[in-house]
Amino acid sequence: MNSNGMSLIVKTVTRLTVGFIFVYGIYIVLHGHISPGGGFAGGVIIALSFVNLMLAYGKQELYRRIPKLFLALFETIGAIMFLGIAILGFMSGYFFYDWFVSKGKPFTIFSAGTIPLSNIAIALKVSSGLFAIFLVLVLIRVTGGSKE
Amino acid sequence: MLELNLIMLFVIIAAFIAVEMKDLLSAVVSVAAAGLGLCIIFLILKAPDIAITQLVVEIFLLIILIRATIRKDLPFSTSGRWFFNTVMTVTFLIIFLSVGYFVIKQLPQFGHPLMRVSGYYLSEGLEKTRATNLVTSILLGFRAYDTLGEATVLFTAVISVLAVMRKKGRKKIGEAEDKYEL
């Protein structure tokens, strides 16, 4: 992959669509308890939007947009948040207890207790983890003991 | 169920083409076709959650695989052993087909009998968790402990990939420092 990215057509189309892909991923995550989807699928869509950005614009643009250790930070925050939701159930003596007093009306976003929070945690974890795997597998190429 | 069988046949043919193809890029495209057929099968079987996940993960894997195989062409030769290959292929085909015949004859009807636990989830899931999507209410409500284990597996996998492929550990002496380290 050269550092300048792809042609002008690809760059323009990516600039117009990558925001919509990102917002669609967030939509899938936030509506995980109402419609099909959920944390995993939405997280992969968010990761794919960043992958799209990187394939079109090259890696220099990515260095500018995402600071160092950003991905590892998000991955860790997601894991700790999910585990924290699990452990907060100990307040009532159960693992993964739904500690919300009122769970809200069905078919609305603010409902279903801890399930949307868990979805957000899983989405953070999956998106940053998969994008980190993509970066590592694509940027660092090992060929016969020496890297390019 | 005719369209289901047709798509299953399509998936099997695509998988065969992917195995037998000499060119690696064509094999990757065949794998993508098989994954798309699998996604449509999930949709026909009324599992849209799994269909979305299958489609999205397939796209992600396809990008990585194309990126990994687009400049490499690994020569793979099986010539000179055709007798051994043919005998082994026929033997395993016979074994798998005969065992599979007996196994499939013993399987219960598709979707029957419904387990008592799933009946409980279907009747009480909306009331207990207030989540309209029953798959999510099982995944993160009733069976959240399993999901925690799955998330741990993913976390471990990401950490191991980053640890194996890291740059910091195997830097040569005179090499320029890269800004982006993971």
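The values are calculated or read from the model by the stated rules, or taken from the named source; none is laboratory data. Just so it is clear, the model here is predicted, and its values are computed rather than measured. Heads up, the Cβs are rebuilt from the backbone with ideal geometry, glycines too, and the neighbour counts pull from every protein chain shown.
Observations on the model:
- Among the residues of segment A:27-44, those identified as part of a helix (DSSP H, G or I) and surrounded by 24 or more Cβ atoms within 10 Å (Cβ to Cβ) are A:I28, A:V29, A:G39, A:F40, A:A41, A:G42, A:G43, A:V44.
- Matching residues in segment B:122-141 - criterion: being at the interface with chain A (Cβ under 9 Å from one of its Cβ atoms) and assigned to a helix (DSSP H, G or I): B:L126, B:K128, B:T129, B:V135, B:T136, B:S137, B:L139, B:L140, B:G141
- Residue check for A:F20: crowded, with 19+ Cβ neighbours inside 10 Å and more than 10 Å from every other protein chain (Cβ to nearest Cβ): no
- Looking only at residues in segment B:165-175 that are in a helix (DSSP H, G or I) and more than 9 Å from chain A (Cβ to nearest Cβ), the one that is modelled with the lowest pLDDT is B:G169.
- Filtered by the rule that a residue be among the aromatic types (F, W, Y) and either under 16 Å from the mean Cα position of the chain (by Cα) or surrounded by fewer than 14 Cβ atoms within 10 Å (Cβ to Cβ) (or both), segment B:3-23 gives a lone residue, B:F16.
- Test result for B:D146, at pLDDT 85 or above and under 30 Å from A:G129 (Cβ atoms): yes
- Residue among A:I115, A:I109, A:I80 that is surrounded by 19 or more Cβ atoms within 10 Å (Cβ to Cβ), aliphatic (A, V, I, L, M), over 14 Å from the mean Cα position of the chain (by Cα) and on the phi < 0 side of the Ramachandran plot: A:I115
- Residue satisfying condition, being modelled with pLDDT of 80 or more and either loosely packed, with under 10 Cβ neighbours inside 10 Å or over 24 Å from A:A123 (Cβ atoms) (or both), within set B:T156, B:T89, B:T152, B:T136: B:T89
- Candidate set from segment A:63-74 (those that are in a helix (DSSP H, G or I) and without any contact (Cβ under 8 Å) to a residue 60 or more places away in the chain); member that is nearest to the other protein chains (Cβ to nearest Cβ): A:Y63
- Residue list for segment A:84-106, filter: under 21 Å from the mean Cα position of the chain (by Cα) and more than 7 Å from chain B (Cβ to nearest Cβ): A:G84, A:I85
- The set of residues from segment B:98-114 being more than 23 Å from the chain's Cα centre (by Cα) and either hydroxyl-bearing (S, T, Y) or not in a loop (DSSP other than H, G, I, E, B) (or both) comprises B:S98, B:V99, B:Y101, B:F102, B:K105, B:Q106.
- Number of residues in segment A:39-77 that are over 15 Å from the mean Cα position of the chain (by Cα) and of a type outside the set (A, V, I, L, M, F, W, C): the value is 10.
- The residue of segment A:107-145 that is nearest to the other protein chains (Cβ to nearest Cβ), among those that are modelled with pLDDT under 70 and closer than 29 Å to A:A47 by Cα, is A:I140.
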